[in-house]
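One structure is given below, encoded as structure tokens.
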Ligand SMILES: Nc1ncnc2c1ncn2[C@@H]1O[C@H](COP(=O)(O)OP(=O)(O)O)[C@@H](O)[C@H]1O
Ligand SMILES: [Mg+2]
């Protein structure tokens with residue numbers, strides 16, 4: 001049985017926008033999942049349902065063998081397990097300094113004294129926020145805010161991490177740093193789900209790709225299998241990854257995983 | 001933006017325990033309020049100015065922060081110094097306009113100066129606290145003063161959200177201005193209305209998301225944070241206490 005199971009999940013906003021329409025999805029523990037799709041295809045709504053902020057009107061959501069109901073106690077447990085990094089870091093940072101903001105989730109998760117300090121050090125080390133620790137959030141640059149927002153969620157020690165467009169508006173270096181953090185988390189066997197518009201990144205990084213359109217899951221599977229399919233790409237409004245374009249153009253038989261591999265060939 | 005943000009290099013330098021800063025603040029404040037003469041508030045202002053200048057605040061910046069309350073005070077004190085009367089009175093300067101005599105006397109001038117110096121002393125004491133204590137230390141002090149948690153959290157959240165809203169309104173204003181929204185009076189009024197309503201909507205949406213983010217990080221109606229400060233040095237607080245006694249004593253002298 002998969003770690004995360006969604007069965008016929010439908011979710012409607014109060015203004016009657018059907019954001020998720022009969023979504024079925026299975027995700028294993030430790031998987032790296034990328035969700036792609038146009039704007040408004042329901043990626044953020046999917047994440048909000050997964051982390052328990054929204055509750056789907058119909059369907060079953062099973063996490064780690066337990067069905068998630070909308071009861072308050074269950075929800076708090078779900079929050080502990082699934083961390084959500086918002087696309088806009090501004091909405092997440094609220095404390096008067098970076099350090100306090102990061103400590104907030106850890107203290108709520110019941111950490112104290114040395115455990116708390118160790119957790120903070122680990123998280124700040126991973127996200128490179130150590131130097132910012134005394135600064136108030138409004139004095140940070142966008143990239144720094146984003147890192148602090150990630151750190152704040154990591155400090156709660158979630159098993160599943162959801163990141164909504166983690167690379168939006170980041171420069172190349174910041175993006176690389178973020179990818180490093182993701183890789184680090186992958187080594188700790190955390191399940192990572194991100195939504196992104198960067199199809200090249202999704203192709204190289206993900207174990208599993210979820211293609212969404214208008215609230216429905218069009219296809220799931222390994223990115224190399226899916227992104228070859230021109231019909232699907234057309235339908236979902238996606239572009240083919242650069243590597244695949246090149247291999248097609250050059251009529252190569254191989255399907256390299258990363259750009260480096262491709263260049264070596 | 002905020003004055004404490006503008007000169008925040010001071011906050012970065014002065015990292016002593018917030019309570020020590022607070023005792024000095026109280027010493028300065030009481031020194032300038034519990035006084036019969038202008039000497040002790042004058043000493044307070046000099047002390048704090050020297051402290052600021054020593055920590056590399058420029059003279060220009062010092063005048064700027066002093067001028068900020070000064071303009072309000074002058075207007076207020078003018079009404080105390082000026083005497084308007086229908087009869088002539090003993091004065092340093094007096095002039096007659098119609099039936100009225102307007103001028104100021106020695107006594108009114110003395111009172112005016114006394115009030116201004118006293119208020120400047122208190123103002124500088126506040127500057128001392130604000131410019132040396134970052135917002136999280138002020139939060140710490142408020143908590144230690146046993147203010148209800150709700151109020152302290154409101155204070156922290158307001159500060160945070162005011163900074164966001166200010167930033168947003170500024171961007172919004174600039175983008176309107178670039179599209180020539182403020183060229184005539186009527187379009188200015190209309191644009192301002194749009195600005196205010198969009199800031200309002202934005203803040204509602206923001207509040208919604210923020211609450212979701214807080215819940216996701218385990219918020220259960222109580223905000224607790226890690227507190228890390230330099231160790232508390234009793235010696236410095238005793239110095240502050242002595243300073244306070246000295247200032248108040250000087251303030252009781254009749255000059
Ligand atoms: N708070 C909301 N209230 C009503 N409708 C919403 C809200 N948020 C999103 N929607 C709608 O739900 C659909 C899916 O949006 P979203 O999940 O944000 O897509 P994505 O993240 O893929 O861009 C869109 O049609 C959007 O208009
Ligand atoms: Mg989105």
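Coordinate-derived values only; no laboratory data. Bear in mind the structure is a predicted one, so any value in this text is a computation, not a measurement. Note: ideal-geometry Cβ built from the backbone for every residue, glycine included; neighbour counts use all protein chains shown.
What the table shows:
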item: Residue-averaged beta-carbon neighbours from other chains (10 angstrom radius) around B:224-234; result: 4
item: Shape metrics for the stretch A:4-264, restricted to C-alpha atoms - Rg then Dmax, Å; result: 18.9, 60
item: Net lengthening on full extension, residue A:55/residue A:8 (0.36 nm per residue, minus Cα-Cα); result: 15.6 nm
item: Cα→Cβ-extended label distance, 7 Å offset, between residue B:202 and residue B:56, nm; result: 3.4 nm
item: Part-to-part distance (alpha-carbon centres) for the stretch B:220-255 and the stretch B:9-26, which is given in Å; result: 9 Å
item: Computed E for residue B:171/residue A:1 - FRET, C-beta separation, R0 35 angstrom, nearest 0.05; result: 0.10
item: Computed log₁₀ I(q)/I(0) - Debye formula, equal Cα scatterers, no solvent, chain B, q 0.09, 0.10, 0.14, 0.17 Å⁻¹; result: -0.64, -0.76, -1.09, -1.25
item: Candidates B:98, B:31, B:121, ranked by Gaussian network fluctuation over chain B, Cα under 10 Å, top entry; result: B:98
item: Beta bridge orientation in chain A: antiparallel %, DSSP, nearest 5; result: 50 percent
item: q = 0.23, 0.24 Å⁻¹, the stretch A:182-265: log10 I(q)/I(0) [Debye, one scatterer per Cα]; result: -1.18, -1.24
item: Kirkwood Rh (inverse of mean 1/r, distinct Cα pairs), the stretch B:134-224, angstrom; result: 15.6 Å
item: Residue-averaged 222 nm ellipticity for chain B, from DSSP H runs of 4+ at -39500 (n - 2.57), nearest 500; result: -24500 deg cm²/dmol
item: Mean Cα-pair separation over length for the stretch B:134-224, i.e. relative contact order, pairs under 8 Å, 6 or more apart, %; result: 21 percent
item: Approximate spin-label separation residue A:141-residue A:246, in nm, with each point projected 7 Å along Cα-to-Cβ; result: 2.8 nm
item: Percent of alpha-carbon pairs separated by more than 43 Å within the protein assembly as shown; result: 37 percent
item: Rounded to 5, percent antiparallel among DSSP beta bridges of the protein assembly as shown; result: 60 percent
item: Selected from B:104, B:209, B:19 as most flexible by GNM, with chain B as the system and alpha-carbon contacts under 10 Å; result: B:209
item: C-alpha center-to-center spacing [the stretch B:80-109, the stretch A:172-189] in angstrom; result: 76 Å
item: Shape call, the stretch A:163-212: gyration tensor on alpha carbons, a/c limit 1.5; result: oblate
item: At R0 = 45 Å, FRET efficiency that the Cβ-Cβ distance of residue B:162 and residue B:87 yields, to 0.05; result: 0.30
item: Inter-site label distance for residue A:169 and residue B:209 at 7 Å from Cα along Cβ, in nm; result: 0.8 nm
